[in-house]
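Asks: What follows is a single structure, and I will ask about it in a moment.
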Amino acid sequence: MAVSGAAGAAVLAGCFGSSDDDDDDPTDLLEDDGLESIIDDVDFNENYEEEFNEAVPAGALNPYNDQYLFNPFHVSWNGGDGGQEFTNEYLAVYNTELGEFLPRVAESWDIADDLTTTIYFEEDYAWSDGSDITAHDFETQMRISSYMDMGMQTFVDPDEGIYAEDDYTLVIETRDEYSDLEDELWMNNWAETILQVSNEQYGHFIEAFENADDEDEMQSIREDVLNFEPSWDQALFSGPFIFAEANEQFADQVPNPGHPIAKDWDFYLRNGVYEDEEAIQSGEGTWIHNDPTIDDIPDIYEEPPVSYSGQTFALIFGVEDEYIRDYPEVRQAIAYAIDMENIARVTSPGTPVDEYASGIDAGYVENFVHDDVLEAMTNYAPEDTDTAAELLEEVGFENDDGEWLTPDGDTWTLNFPVGDWFEDHSEMVSNNLSEFGIDMDYYVQEFPTWQSEHEQNLDYDLMLQLNYGMARDYHPYSDLEEEFNNPDRGLFTERTGIVDEEVEVPEVGNPDGDMVTFNIEDELEAMATATDEEELMEHTSNLAWVHNQLLPGAPMFPWSEHYWVNAGEWDFDLDSDDWTTSNRISHYLLQNGLQPE
């Protein structure tokens, strides 16, 4: 459920203005976009229904009638298994069990002392139309992401720092001031690049960005990128599957004939036949993703190892309510009033609750923060309504016969809109807070509607989202930088500020100690350029402590990639570490294939 790209782009779309230069209007980029159906030119086995085995993923993914569009920056992009993971290939993927990157399209890479990185690509990967995947495609992917403010533009100049040296060699150079960037942070910026755009279909946007005269024109080009709309039969796919058919009843994905591994598979995917748990309860589905609490599951289904995607499920605080915005004690009280342990236990069994609220993914925070600091952090996960009440009373709230009144004597009502991905989680949160005495204006909407009406407009006092921190960048800088500077809900941006850039907290590791001051941007910069592990841990511990004490967001648990798979009728290896990557079931299939038992 990688939604950050589309959601972030949608917010950008709402902020961008148009160019005033009528002589060179970037909307010309869309007037003749060159898009046409290419499916008839793709060399796949058209008799797949008769000759291949049919696998049935659970879910409603079907791009018929442009319900989903294949532009990763478009709001109608699907970031799940079928839309993103199956149709696109990676430079490398991160194995969360091994703690290392596994090359995919990349054959190898060299990193010089000044971090200049040279990546060498395999030569046997092709797009779905048979054209070669080259370094020029990865250049386009990295540069357009950076121009869209959704890549590594902080550390790399997209105009000069990313270039194909030849068809199978790509060079990335940092900006001069970041040539001493911390090694692991640098790798996390590029190693897991997913190839979602081709130079053929997106190269004209790169040329437009290069020729833009000013920021207004850059913004207008970004709007054009957001509005580029390739359909399922027009897009080029780099991953193991392509769409061969999409109609009102179903959508079929077949092995990509240009993929060196998938081209030899003899199974295809039929999507959109069953909605969610119905596929598993009926015994007809082959697997289901991210639904660990299904009842009445036939014995043929089992659970493979769970991976973590480097993102955290969290309660997000809005800035409309002055008490939430201005008082850490109020945010802490709300967190204490919620039984996060029970929410994790019920909605994601086996997933550990976040005990630290550090702003760093709980799956790896212990590798980057000093043990004594972790031990001293406040654990907001267990429900503690007594402490919650004390904190509210410190601010001036009063409990009147079970109902909380603000310091002004008004009923305290919180606006809590939620996207339907999190209906079960949000109902438990709302019930907890209502039982505690807070008047909850709680309602659930379809996820895209909720995003456009509430998340993007910051129209909420509380909300739930899964991408707190930076998904798939397994490093504390990426998590904390995203939380403090994300344009959707950055914690001290002009649009969404909930803490100041310079903050006071008790001395690190001692909640009862003297107050000390930290500049958040300075600490982030120090993390980014740390020269050794100890320096990185020192500054990471500082900011993790700041997050824990001020609680600008309340992390609940790391987001797990759980599957039920039909191991009774298919040869799934339930003990393989190949499940434990950010690429989820796609990586497992690429390493193991799939055959009926």
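Asks: Counting only the heavy atoms of the protein chains, how much of residue 556 is accessible to a 1.4 Å probe, in Å² to the nearest 10?
Replies: It works out to around 0 Å².
Asks: If you average the C-alpha positions of segment 41-83 and of segment 305-354 separately, how far apart do those two centres end up, in angstrom?
Replies: 34
Asks: How large, in percent, is the carbon and sulfur part of the accessible surface of the chain at a probe radius of 1.4 Å? Walk me through the numbers on the way to the answer.
Replies: Working: 8300 of 23380 Å².
Percent of accessible area from carbon and sulfur atoms in the chain: 35.
Asks: Right, next: Does segment 375-529 classify as rounded, prolate or oblate by the C-alpha gyration tensor (a ≥ b ≥ c root eigenvalues; a/c under 1.5 gives rounded; else a/b over b/c gives prolate, otherwise oblate)? Could you put the intermediate results ahead of the total?
Replies: On the way: a/c = 1.90, a/b = 1.18, b/c = 1.61.
It is oblate, given that a/c is not under 1.5 and a/b is not larger than b/c.
Asks: For segment 155-212, what is the accessible area per residue in Å² when the probe is 1.4 Å? Write out the running numbers ahead of the final one.
Replies: Numbers: 2390 Å² over 58 residues.
With the other protein chains kept in place, segment 155-212 gives 41 Å² per residue.
Asks: Further question: Counting only the heavy atoms of the protein chains, how much of residue 204 is accessible to a 1.4 Å probe, in Å² to the nearest 10?
Replies: Around 50 Å² of this residue is reachable by solvent.
Asks: Normalised by the number of residues in the chain, what is the relative contact order in percent for Cα pairs under 8 Å and 6+ residues apart? Display every interim value, and only then the final one.
Replies: Numbers: 1242 pairs, mean separation 116.5, N = 597.
That works out to 20 percent.
Asks: Also, quick follow-up: Select one label from (i) 14, 33, 20, 10, 10, 8, 5, 1; (ii) 14, 22, 12, 15, 17, 15, 5, 0; (iii) 19, 54, 26, 1: the one whose number is P(r) over Cα pairs in 20 Å bins from 0, in percent as derived from the coordinates shown.
Replies: Computing P(r) over Cα pairs in 20 Å bins from 0, in percent and matching it to (i) 14, 33, 20, 10, 10, 8, 5, 1; (ii) 14, 22, 12, 15, 17, 15, 5, 0; (iii) 19, 54, 26, 1 gives (iii).
Asks: If contacts are Cα pairs under 8 angstrom and at least 6 residues apart, what is the relative contact order of segment 541-597 in percent? Write out the running numbers ahead of the final one.
Replies: On the way: 22 pairs, mean separation 18.3, N = 57.
For segment 541-597, the relative contact order is 32 percent.
Asks: Then there is this: I'd like to check one number: the per residue accessible area of segment 331-403, probe 1.4 Å, reported in Å² as a whole number.
Replies: On the way: 3140 Å² over 73 residues.
Per residue, segment 331-403 has 43 Å² of solvent-accessible surface.
Asks: Here is a further query. Could you tell me whether segment 496-597 comes out rounded, prolate or oblate from its Cα gyration tensor? Rule is a ≥ b ≥ c as square roots of the eigenvalues, rounded for a/c under 1.5, then prolate if a/b exceeds b/c, otherwise oblate. Intermediate values should be presented prior to the final figure.
Replies: Details: a/c = 3.68, a/b = 2.75, b/c = 1.33.
Verdict is prolate for segment 496-597.
Asks: How big is segment 309-354 on each of its three principal axes, counting only the C-alpha atoms and giving the largest first in Å?
Replies: So the extents along the principal axes, rounded to whole Å, are 36, 23, 13.
Asks: Go through 147, 373, 529 and say which Cα lies farthest out towards the positive end of the charge dipole of the chain; charges sit on Cβ, +1 for Lys and Arg, -1 for Asp and Glu.
Replies: Projecting each Cα onto the dipole axis, the largest value belongs to 373.
The values are calculated or read from the model by the stated rules, or taken from the named source; none is laboratory data. Owing to the predicted nature of the structure, the values given are computational and were not obtained by experimental measurement. Using ideal geometry, Cβ is built from the backbone for each residue, glycine included, and neighbour counts are taken over all protein chains shown. Remember, those area values only see protein heavy atoms, side chains included, never the ligands or the DNA or RNA. Shrake-Rupley method; radii C 1.70, N 1.55, O 1.52, S 1.80 Å.
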